[in-house]
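A short worksheet on the structure shown next.
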Amino acid sequence: MSREEVEGAGANPGAELGTGLGPRLGRSPARQRLHRAKELLIETVIRVCGVSAVIFVFGIFYFVFREAAPLLFGGLDLGELLTSGEWYPDSDNPRYGAFALIAGTLAVTLLAMLIAVPLGLGAAIFVSEFSRGRTREILKIVIELLAAIPSVVWGFIGLVIMNPLIIDLFDTPVGLNVLNGAILLALMSVPIIVSIGEDALKAVPDTYREAAEAMGATRWQVTWRVLLPAARNGLLAAVLLGVGRAVGETMAVLMATGHSVNVPDSPLDSVRTITATIASELGETAQGSDHYRVLFVLGSLLFLITFLVNLTADLVIRGFKRR
Amino acid sequence: MVVQHPKIAFRDLKVRYGEKTALEGINLEVAKNEILGIIGPAGSGKTSLLRVLNRTLQNTPGAKVTGDVRIDGEDIHRMRDVSGLRRRIGMVAPLPVGLPMSVYDNVAFAPRMAGVTDKKVLDGVVERCLRQAALWEEVEKRLGDLGTKLSGGQQQRLTIARALSHSPEILCLDEFSIAIDPVTTMRIEEVLKELRKHMTIFLVTNLVQQARRLADRTAFLLLGELVEVGPTEEVFGRNPRDRRTFDYVHGIFG
Ligand SMILES: Nc1ncnc2c1ncn2[C@@H]1O[C@H](COP(=O)(O)OP(=O)(O)O)[C@@H](O)[C@H]1O
Ligand SMILES: [Mg+2]
């Protein structure tokens with residue numbers, strides 16, 4: 001937006017939200033009316049888009065929850081669901097203990113973050129502070145490409161490349177396990193962490209860098225003592241959004257974690273995550289059955305987790321924009 | 001005019017930003033413990049000159065410096081330890097840049113970066129510099145507050161305190177009074193008169209009268225050219241060497 005436009009909007013507080021171009025002196029009344037109509041149209045379209053996004057989010061939650069509700073309020077033992085590891089949804093005497101699935105999800109996500117956070121933040125710092133010109137552009141493009149790889153391709157990489165690699169390296173019978181899934185998830189979250197983390201670092205004014213350097217601080221000292229503290233909230237948000245991505249991911253973990261219901265006690269154990277369970281079992285259940293509904297309960301749980309993570313990230317980002 | 005044993009010497013200095021020349025043919029010598037006033041309209045290259053001296057210009061993409069700059073006879077572009085060079089120079093920017101940390105930490109920043117960890121020593125540095133910048137009484141009770149919570153004039157004095165915290169030999173002030181009130185400006189001017197005993201001062205100023213009040217010699221920059229440098233009373237007198245100096249100093253163009 002040019003300076004003239006900004007001032008134009010400021011000098012004309014009555015001008016409606018939207019294009020920011022208020023009616024100017026010297027326009028014929030007909031053109032002014034046309035202009036107003038156009039602005040109104042644009043404003044309406046934008047408003048509809050905004051409102052529909054909200055409707056979609058609540059709509060999705062509503063439909064998921066609606067399928068879950070009859071069981072949730074009618075006979076499901078929530079305590080058993082959250083603490084028992086016995087997941088036998090198909091037996092004659094079905095038991096719905098999702099603890100192993102929750103543990104599997106947490107294990108894969110945690111390990112993924114242990115890998116992704118240092119890698120992602122390190123890359124963000126490198127791209128933002130220690131690379132220039134060509135190198136930086138190429139890095140950014142590569143990282144964005146990484147974000148564009150479909151998750152089924154990641155799953156494929158897990159099966160075909162990581163699996164034999166892990167078997168060789170760790171001398172285990174199967175390479176489809178927590179470690180495999182975590183590495184894939186890490187690689188999938190890194191682009192998010194890098195791009196949001198880089199934005200956060202870029203948002204730190206250059207005057208800080210220059211002032212600190214003028215006092216004899218080295219580039220590392222500037223990064224460590226000034227930039228990281230100043231960009232703290234944005235970096236935290238980057239990490240949280242990376243977590244959100246990892247918790248909700250389905251295809252790659254379905255293919256790479258071994259698909260066995262199991263509370264892991266080592267990164268080399270096979271597990272099954274909540275997402276993988278829903279994806280693989282939902283198609284085989286009869287609509288309206290208990291099994292069907294318990295999967296929706298798990299879906300609601302997942303939705304709640306990712307929603308909370310994203311909400312936290314959002315509030316944190318808001319905090320860092322305001323300051 | 002030739003300065004004996006100059007503290008700082010620029011020889012054939014040229015600065016370009018891409019294709020654009022910001023300074024050209026600058027030959028300038030500054031004596032120890034002198035206040036050199038630098039005046040000239042916006043865009044003349046005053047800030048660029050200061051940024052050459054502490055080598056922060058090299059961070060600007062496209063900026064190119066040629067020529068020879070010496071401090072105590074040593075070529076600054078051959079110094080391997082850039083941080084070491086910068087610790088010899090205090091820099092105060094036109095708008096105060098409070099680092100996002102407490103008042104105390106702002107002033108203790110440079111000593112800490114230089115490796116000082118002893119709390120007693122740091123306390124001493126902080127108090128000395130805040131006193132020198134005429135700020136101590138006002139912030140003594142709120143050293144833990146964020147530096148950015150201070151008023152504009154206080155923040156500018158904080159940046160001066162900060163610039164003094166590594167005991168520089170050279171102090172560069174770049175239009176320091178642009179965002180502060182006249183009373184605070186006068187207080188800082190008093191401070192500068194005191195500081196000149198300990199250091200060499202570059203006083204870039206948008207207020208020509210400020211140079212007249214404080215500077216031993218004054219340099220007039222115009223569109224990247226060093227039009228004239230001489231004793232302040234001569235530059236501001238009836239007969240400066242260059243007609244353009246007279247016009248600028250007397251507000252005939254600006
Ligand atoms: N980072 C930069 N990139 C490109 N041109 C610059 C930059 N900084 C300064 N310049 C140009 O160099 C000239 C001198 O600028 P500057 O040293 O800031 O002058 P002054 O401080 O006297 O106003 C101006 O024409 C300005 O546009
Ligand atoms: Mg300037």
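The values are calculated or read from the model by the stated rules, or taken from the named source; none is laboratory data. Values in this document were obtained by computation on a predicted structure and should not be read as measured data. Quick reminder, even Gly has a Cβ in these numbers, built from the backbone with ideal geometry, and neighbours come from all protein chains shown. Remember, those area values only see protein heavy atoms, side chains included, never the ligands or the DNA or RNA. Shrake-Rupley method; radii C 1.70, N 1.55, O 1.52, S 1.80 Å.
Numerical summary
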read-out: Cα-based radius of gyration of the protein assembly as shown once divided by 2.2 N^0.38 Å, which approximates compact folds; value: 1.31
read-out: Cβ neighbours within 10 Å from other chains - mean over A:203-213; value: 5
read-out: Computed Kirkwood radius, in angstrom, where 1/r is averaged over Cα pairs of segment B:103-254; value: 16.9
read-out: Filtered GluC sites (Glu not before Pro), segment B:1-65: DSSP coil and at most 11 other beta carbons within 10 Å; value: B:GLU19
read-out: Positive dipole terminus of segment A:83-322, leading residue within A:THR83, A:LEU282, A:LEU179 (C-beta point charges); value: A:LEU179
read-out: Positive-end residue of B:VAL82, B:MET186, B:LEU99, charge dipole of segment B:79-199 with Cβ unit charges; value: B:VAL82
read-out: Cβ neighbours within 10 Å from other chains - mean over B:159-165; value: 1
read-out: Interface size B-A, as summed buried accessible area [1.4 Å probe, Å², nearest 100]; value: 1700
read-out: Equivalent ellipsoid, segment A:196-313 (semi-axes from 5 times Cα gyration tensor eigenvalues, Å); value: 44, 16, 9
read-out: Contact order relative to length of chain A, as percent, for alpha carbon pairs under 8 angstrom and 6 or more apart; value: 22
read-out: 1.4 Å probe accessible area per residue over chain B, in Å²; value: 44
read-out: For segment B:95-167: span of alpha carbons on each principal axis (Å, largest first); value: 30, 21, 20
read-out: Kirkwood Rh and Cα Rg combined as Rg/Rh, chain A; value: 1.09
read-out: Listed residues A:ARG232, A:ARG209, A:ARG272, most fluctuating in chain A (Gaussian network, C-alpha, under 10 Å); value: A:ARG209
read-out: Two-site FRET efficiency, B:ALA31 against A:ILE138, from Cβ-Cβ distance with R₀ of 60 Å, rounded to 0.05; value: 0.75
read-out: Span from the segment A:44-87 Cα centroid across to the segment A:117-154 one, whole angstrom; value: 34
read-out: Max mean-square fluctuation residue, GNM over chain A, Cα-Cα springs under 10 Å, options A:SER189, A:SER91, A:SER266; value: A:SER91
read-out: Over chain A: helical MRE at 222 nm, DSSP H runs n ≥ 4 each giving -39500 (n - 2.57), nearest 500; value: -22000 deg cm²/dmol
read-out: Accessible surface of chain A [probe 1.4 Å, protein heavy atoms]: carbon and sulfur percent; value: 66
read-out: Residues A:ILE149 and A:THR83, FRET efficiency given R0 of 51 Å [Cβ-Cβ distance, rounded to 0.05]; value: 0.90
read-out: Net dipole in debye of segment B:95-167 [+1 Lys, Arg Cβ; -1 Asp, Glu Cβ; about Cα centre; nearest 20]; value: 80
read-out: Largest to smallest principal axis extent of the C-alpha atoms in chain B, angstrom; value: 53, 41, 35
read-out: Residues along segment B:43-92 losing 40 Å² or more of accessible surface when the other protein chains are present rather than the chain by itself (probe 1.4 Å); value: B:ASN59, B:SER83, B:ARG86
read-out: Trypsin sites (Lys or Arg not before Pro) within segment A:26-112: DSSP coil, no more than 16 neighbouring Cβ in 10 Å; value: A:ARG27
read-out: Segment B:39-101 pair-distance distribution - Cα-Cα, 10 Å bins, rounded %; value: 17, 49, 29, 5
read-out: Per-residue mean of C-beta atoms belonging to partner chains within 10 Å, peptide B:146-155; value: 0
read-out: Cα centre as origin, Lys/Arg/Asp/Glu Cβ charges: the protein assembly as shown dipole, Debye; value: 2320
read-out: For peptides A:238-250, A:284-296, sequence by mean Cβ density within 10 Å, most packed first; value: A:238-250, A:284-296
read-out: Overall dimensions of segment A:140-227 as given by Cα atoms, namely Rg and Dmax in Å; value: 19.4, 58
read-out: Subset of B:LYS149/B:LYS197; B:LYS119/B:LYS141; B:LYS149/B:LYS193; A:LYS202/B:LYS120 violating a 24 Å alpha-carbon distance limit; value: B:LYS149/B:LYS197; B:LYS149/B:LYS193; A:LYS202/B:LYS120
read-out: Share, in percent, of DSSP beta bridges within the protein assembly as shown that are antiparallel, nearest 5; value: 60
read-out: Chymotrypsin sites (Phe, Trp or Tyr not before Pro) restricted to DSSP loop in segment A:99-143 with at most 10 other C-beta within 10 Å; value: none
read-out: Sequence-distant aspartates and glutamates (8 or more away, or on other chains) whose Cα lies within less than 18 Å of B:LYS64; value: A:GLU210, B:ASP12, B:GLU19, B:GLU24, B:ASP75, B:GLU225
read-out: Fraction of accessible area attributable to carbon and sulfur, chain B (%, probe 1.4 Å); value: 51
read-out: Percent RCO, i.e. relative contact order, over segment B:95-167, from Cα pairs under 8 Å lying at least 6 residues apart; value: 53
read-out: Projected label distance in nm at A:ARG66 and B:ARG80, using a 7 Å step from Cα toward the beta-carbon; value: 7.4
